[in-house]
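Here the structure comes first, spelled out in structure tokens, and everything after it is commentary.
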Amino acid sequence: MLFFSYTKDGDTMKKVIIVVSLIILIPYFVVTLFIKDENVKFEVVTNNIVRVKREKTKEIINVPLEEYVVHVLAGEMPVSFENEALKAQAVAARSFVIRKMQMNTKKDYDVVDTISDQVYLDDETLKKNWKKNYEKNMNKMRQAVIDTKGEYLTYDDEVIQAFFFSTSSGKTENSEEVFTSAEPYLVSVDSSWDNISPVFSDSKTMSLSDFYTKLNLKYQKNLDYKIKDYNKSGTIKNVIINGTTFKATTVRKKLDLRSANFTIEQNDSNVIIGTKGFGHGVGMSQYGALAMAKLGKKYDEILKHYYTGVEITKM
């Protein structure tokens, strides 16, 4: 009654039309402006959740992408490293997991929390490891992630397989000479500054008997070892041990060596094995990244050195 107390029929009808229109349109605007926004936000949040399988407990936990990168950074690179090296590692780790998320949409999880994918350390573990330095160290890690938020590596508009490892023997490796496929962005590059790494060289001794057993070779008193050929990077490709040819990567795995760049010599009933480098050698060398950062290189320069022809893309 309050709205229809006018004497002119025309004015009354206009008011009726206006009121009815408002009654119809107001709910429409509410749904359009608010419900739609909530759906978009929900989709964005869902698309940025990493499903992490804990290897020990087999539990699958949901972790926001950027928080996941923080905890991988803490698990994969020493907190003492230069900020630019940490930022390069953050982008590589983010690229690695985004690719995994794309590949594993039909699986129950995206990644595991070990070196099978990337090492993810939870807060409980980090507090135990870092003790009173937990907050300080986490702030440093978080800052590296914030400074590179949403950035990942692409080649021809595709997210790359962002392999990384500890220390090269002076050069990185072509991917096809270590893994199964060749990637144009995973090619051998110079990393001669890796000698700053405390794990650049190593030596281990084992009995001749253990040596033969691990390689599934018949015991012989005298060990005959020679290099058959080399990779394009100049590192060892195949070796011949007592007449049997092995891939260097196979010897590394069977003997649990730090790298496939090794020397072998017999010392009476023992075998002395020396290695240079630590890891598979493909992609970014972490100690190489540290050395470049110490030389004043920025994280994008580090990444584009180790991953040939890539672009840094932002989500």
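The values are calculated or read from the model by the stated rules, or taken from the named source; none is laboratory data. Given the structure is predicted, the values throughout are model-derived calculations rather than measurements. Don't worry about glycine lacking a Cβ; one is built from the backbone with ideal geometry, like all the others, and counts go over all protein chains shown.
Filtered by the rule that a residue be in contact (Cβ under 8 Å) with a residue 40 or more places away in the chain, closer than 28 Å to Ser191 by Cβ and part of a strand (DSSP E or B), the stretch 206-245 gives Tyr225, Lys237. Phe165 meets each of the listed conditions (1) farther than 28 Å from Glu265 by Cβ; (2) in contact with a His (Cβ under 6 Å, 6 or more places away or on another chain); (3) not polar (S, T, N, Q) apart from (1).
Whenever a residue of the stretch 246-258 is of a type outside the set (A, V, I, L, M, F, W, C), its partners that are in a strand (DSSP E or B), lying with C-beta atoms within less than 8 angstrom and at least six residues away or across chains, give the pairs Lys247/Lys237; Lys247/Asn238; Arg252/Phe262; Arg258/Asp202; Arg258/Thr275; Arg258/Phe278. Checking each residue in the stretch 128-157 for being over 17 Å from Val69 (Cα atoms), surrounded by 14 or more Cβ atoms within 10 Å (Cβ to Cβ) and without any contact (Cβ under 8 Å) to a residue 60 or more places away in the chain picks out Asn129, Trp130. Going through (1) touching a strand residue (DSSP E or B) at 6+ places or on another chain (Cβ under 8 Å); (2) assigned to a helix (DSSP H, G or I) one by one, Leu86 falls short only on (1). Any residue in the stretch 228-240 that is hydroxyl-bearing (Ser, Thr, Tyr) and either surrounded by fewer than 13 Cβ atoms within 10 Å (Cβ to Cβ) or at pLDDT 95 or above (or both)? Among the residues of the stretch 228-240, not one is hydroxyl-bearing (Ser, Thr, Tyr) and either surrounded by fewer than 13 Cβ atoms within 10 Å (Cβ to Cβ) or at pLDDT 95 or above (or both), which makes the answer no. Taken as a whole, the structure leaves Ser181 outside the set of residues that are surrounded by 12 or more Cβ atoms within 10 Å (Cβ to Cβ), of a type in the set (Gly, Ala, Ser), under 30 Å from Ala162 (Cα atoms) and at pLDDT below 95. Give the residues of the stretch 108-123 that are within 13 Å of Gly75 (Cβ to Cβ) and either of a type outside the set (Ser, Thr, Tyr) or outside the structural domain of Asn83 (by TED's automatic domain parsing) (or both), sorted by residue number. Val111, Val112, Asp113, Ile115, Asp117, Gln118, Val119, Leu121, Asp122, Asp123, listed by residue number. Remark: Lys140 falls outside the filter, which requires a residue to be of a type in the set (Lys, Arg), in a helix (DSSP H, G or I), farther than 24 Å from Phe179 by Cα and under 16 Å from the mean Cα position of the chain (by Cα).
Given the options Thr244, Thr249, name the one that is under 25 Å from Met77 (Cα atoms) and polar (S, T, N, Q). Being under 25 Å from Met77 (Cα atoms) and polar (S, T, N, Q) holds for just one of Thr244, Thr249, which is Thr249.
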